[in-house]
1. Pick out, from B:Ile77, B:Gly97, A:Leu286, the residue whose Cα sits farthest towards the positive end of the charge dipole of the protein assembly as shown, with +1 on the Cβ of Lys and Arg and -1 on the Cβ of Asp and Glu.
2. Could you pull out every one of the lysines with an alpha carbon less than 20 Å from that of A:Lys258, ignoring same-chain neighbours closer than 8 positions?
3. Taking the Cα centre of region A:233-295 as origin, work out the dipole magnitude from +1 charges on Lys and Arg Cβ and -1 charges on Asp and Glu Cβ, in debye rounded to 20.
4. When Lys and Arg each count +1 and Asp and Glu each count -1, what net charge do the other residues less than 11 Å away from B:Gly228, Cβ to Cβ, add up to?
5. Taking 20 Å as the cut-off for C-alpha to C-alpha distance, list the pairs among A:Lys135/B:Lys21; A:Lys18/A:Lys49; A:Lys27/A:Lys49; A:Lys49/A:Lys145; A:Lys18/A:Lys152; A:Lys105/A:Lys152 that go past it.
6. Quick one: which residues, 5 or more positions from A:Ala25 or on another chain, have an amide H under 5 Å from its amide H? H modelled 1.01 Å from N in the peptide plane, none for Pro or chain starts.
7. If the only charges are +1 at each Lys and Arg Cβ and -1 at each Asp and Glu Cβ, what is the size of the charge dipole of region A:57-168 around the Cα centre, to the nearest 20 debye?
8. Checking the cross-link filter: which aspartates and glutamates have an alpha carbon closer than 18 Å to that of B:Lys206, excluding same-chain neighbours under 8 positions apart?
Amino acid sequence: MRLYIRRMDALVIKNLHKSFDGVAAVKGIDFSIRQGEIFGLLGPNGAGKSTTINMIAGVVRLGSGQISAFGYDNQKDYRHTRRMIGVVHQEIVIDNFFTVDQALKLHAGYYGVKDDPVWRQLLIDRLGLEPHLHKVMLKLSGGLKRRFMIAKALIHRPRLLILDEPTAGVDVELRHGLWEFVREINRQGTTILLTTHYLEEAEEMCDRIAIMHHGDLIAMEETHDLVRRLSNRELRIWLVQPLENVPAGLEECRPELKDDGRLLLLNLPKGGEVGQVLSQLCALKLPIRDIETDQSNLEDVFIQLTGLDGGNDGP
Amino acid sequence: MDHNNEREYSSWLPFFTLLRKEILRFWRVSTQTLLAPIVTAGLYLFVFGATLGERLSIVEGYSYAQFVIPGLIMMGIINNSFANTSSSLFMSRYLGGIVDLLVTPVSPPQFILAYTLAAMLRGLLVGTVVWLISTVFASLPWESPLLGILMAMLASFMFAQFGLIAAIYAQSFDTISMYTSFLILPLIFLGGVFYPISILPEPWGKFSLLNPLFYLIDGFRHALIGFGDTSYLVSFGFSIVLAIILFVWAAWLIGKGYRLRA
């Protein structure tokens, strides 16, 4: 876990609403992102993540509520906030009139920042774009387009980088490379807001996580705390001799017998100690052959909260 | 990494960058955006200047070539100013590239100004080359050069705005080409490019006065050769009012983000 020096939040969202044709997409959410953290906004398709991100970035108009970035209101002071934010859109954006190199040079200018050849070259090198600089977007593979979009989002050296599903459809090797790069720029002080469908990556990457469902924010806390608070730990006890009945004294752990009485399943209560349960088992003198523990992860928590499968998250 | 800061920021750089991008965009495909309309206008000039023009005279004191050249120059300006903003903005909307602009600090006035100036440049470039080619067939007296230039700029400005409006309302590329084929082209042809409306029998002459392009073409011809169906004042007055209406309409759409921001 990281320690943060309390300072102005990178992003503050208050009572944010948005509807499309009378259908509420975002229903009054509030959250803030601290400077320097990696914040994950997760949720099934249609949960309102992209709408929220697009309202922060300025692509979608606010229904109602308030968004401020580094103390600036994103409606009144939009020129300030947009300059401080870089966005990697979920959809691949194509402009076939310009090569990768030309587009990167132009993009810095859109943000009112002069082209910095040293920084541009660093991005080109780190994202492996050098051999493709003189190609137009149409000639790039899917993975290269993603890398180019990340370079484009960072070309004006933003303080907050928003990544909306940056690794969708990207192979494992490239995904790892991209996340490593994201970690690197985060270590250098850039705040990150990301959405991803790869929950194991979110668990590994994010300091804090918020989960959206049907336009509401249904959970938000430190990743570690969220998983610990909502996860179930299961103790699997393989027995030498099968049992006919569940032994008395273990009711708190919701015991269950399986595999013709050879496997005893115990659910550890939240905050419960394994040692205490093991003492109880010793006192019962059960013929134990083996013991396994199973800790649920963010994906299990996600399924528990949303009732959906994290990897195949429905409509 | 060092983040960008206030001192490095130039509030007009986004505008100049967008303007540069819009100019580069049409320059890169200049065969299609500059050469093709110039060749088309050159063919018109050849037909009406070197062939039919020699045998026709519909306005006393002027050759037909002299009469038709201002209209052909204006046609080039109008078509290309409209084509530049409409195709560029519609393609951005259609292919999704517009989001790259929407997330930047480019303000709505900068957005309109950059698209408009690039479109005006393309329209006026085509118009200038058409005029240069026309000197092979006939020389124009240039009665009021300043007014002629102002009228050309007004036409390019007006159709740059109309192109923005069309691009915002259009749902497909077909809609854009419908604007060109079924609105602009008929209005140009019926707006007195090839004949003075005074030779039309009534009520067609009166109907022509309802055509906004008639005032642009007539005012421009008046400035270049000293002949017009209406006075300068009427042509300029009408064209300026129409330009303001189109500008306010385009500014309102873009300021509101209509069909640009969800």
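1. Of B:Ile77, B:Gly97, A:Leu286, it is B:Ile77.
2. Here the lysines satisfying the reach criterion relative to A:Lys258 are A:Lys285.
3. On the way: 8 positive and 11 negative charges, 20 e Å.
The calculation lands at about 100 debye.
4. Values: positive: B:Arg221; negative: B:Glu143, B:Asp218, B:Asp229.
Neighbourhood net charge equals -2.
5. Values: A:Lys135/B:Lys21 17 Å; A:Lys18/A:Lys49 11 Å; A:Lys27/A:Lys49 12 Å; A:Lys49/A:Lys145 22 Å; A:Lys18/A:Lys152 28 Å; A:Lys105/A:Lys152 9 Å.
The pairs that break the limit, which is 20 Å between Cα atoms, are A:Lys49/A:Lys145; A:Lys18/A:Lys152.
6. A:Lys18, A:Ser19, A:Phe20
7. Numbers: 17 positive and 11 negative charges, 28 e Å.
Roughly 140 debye for region A:57-168.
8. By straight Cα distance, B:Lys206 reaches B:Asp218, B:Asp229.
Every number in this text was worked out from the coordinates using simple rules, so none of it is lab data. Note that this is a predicted model, so its numbers are computed, not measured. Cβ atoms come from the backbone with ideal geometry, glycine included; neighbour counts cover every protein chain shown.
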